[in-house]
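The values are calculated or read from the model by the stated rules, or taken from the named source; none is laboratory data. The structure presented is a predicted model; accordingly, all values stated were derived computationally and were not measured. Ideal geometry is used to build each Cβ from the backbone, glycine not excepted, and the neighbour counts take in all protein chains shown.
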Amino acid sequence: MNQAQSNSYNSAFQLRRLSRQLIRQLGLLDAACGNQPLSPVQAHTLIELGESCYSIKKLAEILNIDKSNASRAVSQLVEKGFAKSQSNPRDNRSLVVQITPKGKKQLIKLNEQQNQLFTEIRAQLPQEHIEELEISLVRYNKAVIQSKSQQGYCLRSIEARDNAQIAQVIRQVSAEYGLTADKGYGVADKTLDSLAEVYQAHNAHYWVIEFEGEILGGAGIAPLAGHQGLCELQKMYFLPRVRGKGFAKRLALQGLRFASEQGYESCYLETTANLIEAIKLYESLGFEHLDAPLGDTGHDACEITMLKSLSAR
């Protein structure tokens, strides 16, 4: 295990430890939710039923648990008189679950208890820390969701056997956005069909996303010719079926970490106004717009140029 892998492992271990401690401190491993006659799963189920009526399948999706656990929680709430099930008016073959008047009263007690608990937690923090915590928790929650959506996919270094597939991905996505070869975009590069060989240098790297043997996207880092200490984020393309899963951000971050480890001072990129989502991502990662391009990449049609300093990372 190299130093970068060791640092990544230690960081993951620390995040896991903190998450585990938080779960314990919030009592999510207890049999009951505070002094309420509800387990944590039952409490979460009751809260959702307070919003609307749902089928067991939908509750399982919302609570991110399997259908058998959702069914068990509903049965327990029904036994307590907090919920009831009835035929689904849209499908007589299934049932929908809704909260009862008794359940609504119990939900009020649950909310009062939990609001008091988190009011007391909040009282331990200054306002600026509360705001930072809220932002961080939103980011953490999004990262968890994206991580789950990426399960089954393999993010790995490019190999020679990937050349044809990743070249086709780049050509297909370029055509989708009108980035034709005659306009000076990356799709016109003579090295497009041999990317595994292009990124063999120690200070360059290219990663691909694979699913069941199919390459669905990729991105790379390479030195920017003529500029000592600068690298370029290159050829980041994704097929439609893999978009929206957070891979663009994950690959960009992987590239930036690699660049920092290689001692680069800044990371440069070129793109076009057609790629609105990509520009927003780059801005969120700290890339700043430049007035003019750097180096001679040959991509004269890319009117958006950006740079991110890596010294503060």
Inset, instruction - Assess whether L230 counts as being touching a residue at least 60 places away in the same chain (Cβ under 8 Å) and under 21 Å from Q168 (Cβ atoms). - result: no
Inset, instruction - Name the one entry in I135, I108, I130, I62 that is without any contact (Cβ under 8 Å) to a residue 40 or more places away in the chain and touching an Asp or Glu at 6+ places or on another chain (Cβ under 6 Å). - result: I62
Inset, instruction - Go through the stretch 155-191 residue by residue and tally those that are aliphatic (A, V, I, L, M), at pLDDT below 80 and farther than 22 Å from K249 by Cα. - result: 2
Inset, instruction - Kindly indicate whether any position in the stretch 100-109 is surrounded by fewer than 15 Cβ atoms within 10 Å (Cβ to Cβ), outside the structural domain of V208 (by TED's automatic domain parsing) and touching a helix residue (DSSP H, G or I) at 6+ places or on another chain (Cβ under 6 Å). - result: no
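The rows are residues; the columns are (1) of a type in the set (A, V, I, L, M); (2) assigned to a helix (DSSP H, G or I); (3) touching a His at 6+ places or on another chain (Cβ under 9 Å).
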| position | (1), (2), (3) |
| --- | --- |
| V96 | yes, no, no |
| G103 | no, yes, no |
| N111 | no, yes, no |
| H129 | no, yes, no |
| E132 | no, yes, no |
| A143 | yes, yes, no |
Inset, instruction - Please determine, by comparing only the residues of the stretch 4-53 that are in a helix (DSSP H, G or I) and in contact (Cβ under 8 Å) with a residue 60 or more places away in the chain, which one is surrounded by the most Cβ atoms within 10 Å (Cβ to Cβ). - result: L46
Legend entry - Residue that is in the same structural domain as Q114 (by TED's automatic domain parsing) and touching a Phe, Trp or Tyr at 6+ places or on another chain (Cβ under 8 Å), where the choices are E61, E48: E48
Inset, instruction - Check whether at least one residue in the stretch 79-89 is buried (at least 18 other Cβ atoms within 10 Å of the Cβ), in a helix (DSSP H, G or I) and touching a Leu at 6+ places or on another chain (Cβ under 8 Å), and report yes or no. - result: no
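Restricting attention to the stretch 252-295, which residues are among the small types (G, A, S), at negative phi and either touching a Cys at 6+ places or on another chain (Cβ under 7 Å) or surrounded by 15 or more Cβ atoms within 10 Å (Cβ to Cβ) (or both)?
A252, G255, A259, S260, S266, A278
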